[in-house]
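This report concerns only the one structure given below.
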Amino acid sequence: MSKDVIIACDFASADETVKFLDKFNKIRDEVIVCDDISLQITRPYVKIGMELFYAEGPHIIKVLKERGHRVFLDLKLHDIPNTVKKAMQVLGEYGVDMVNVHAAGGVEMMKAAKAGLMLGAARYADKPKLIAVTQLTSTNEAVLRDEILIDRPISEVVRQYALNAKEAGLDGVVCSAHEAAEIHEFCGEDFLTVTP
């Protein structure tokens, strides 16, 4: 299974982002070995989160794509299926390489997201990956139980959300490194696990 490094660009402006990414130009086309895992960095992924996307809009995607980066747009869409489908169609038109939704939106919402994304990305040869967030890192058992009223262990919820994402035709999930092995066990080795 291949591994990619995704560089988080959690900045408030395009200028800050570009200055930060200029530091990575020196490591392109090198192999980095970490804990017996070889990582080939050629066209590094960059993660654009809400802050940067809302500050700069779609222009930031164009800037980063022109610099040769693959773009993971981390907006975690979660709404009714029709709304998510239409939003994903727009995001697909931007040429993103990966985008995500919240798995808590359910199978139908995730299917709608995939359909919209593929419609929007129809003109691109390389189709974008769609992944689902299983649980936010700020969520723990107490939050699940006391605030969201889910009385299941977080590991069980994460596993079910991953299975739902697979059923919906998504490419993978965002999860913790501790959960990745179990998700691969239930969803297959080719199912992507993206870990913060």
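For the reader, a short list of remarks on this structure follows.
- Against the conditions (1) in a helix (DSSP H, G or I); (2) within 11 Å of Gln135 (Cα to Cα), Phe186 satisfies every one except (2).
- Flag if Lys62 is of a type outside the set (Ser, Thr, Tyr), open to solvent by 60 Å² or more (accessible area, probe 1.4 Å) and at pLDDT below 95: no
So that you can scan it fast, the table gives a plain yes or no per residue for (1) in a loop (DSSP other than H, G, I, E, B); (2) farther than 17 Å from Ile6 by Cα; (3) open to solvent by 40 Å² or more (accessible area, probe 1.4 Å):
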site: Leu52; (1), (2), (3): no, no, no
site: Phe72; (1), (2), (3): no, no, no
site: Lys76; (1), (2), (3): no, no, yes
site: Asn100; (1), (2), (3): no, no, no
site: Met110; (1), (2), (3): no, yes, no
site: Leu119; (1), (2), (3): no, yes, yes
site: Leu130; (1), (2), (3): no, no, no
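- Restricting the range 132-147 to residues that are out of contact with any Phe, Trp or Tyr (no Cβ under 9 Å at 6 or more places or on another chain) and part of a loop (DSSP other than H, G, I, E, B), the residue that is most open to solvent (accessible area, probe 1.4 Å): Thr137
- Scan of the range 148-174 for residues that are in a helix (DSSP H, G or I), among the acidic types (Asp, Glu) and touching a residue at least 12 places away in the same chain (Cβ under 8 Å), ordered by number: Glu167
The values are calculated or read from the model by the stated rules, or taken from the named source; none is laboratory data. Only a predicted model underlies this, so the values are computations on that prediction, with no experimental measurement involved. Neighbour counts are summed over all protein chains in view; Cβ atoms, including those assigned to glycine, are modelled from backbone coordinates with ideal geometry. We work out accessible area using only protein heavy atoms, side chains counted, and drop any ligands, DNA or RNA first. Shrake-Rupley method; radii C 1.70, N 1.55, O 1.52, S 1.80 Å.
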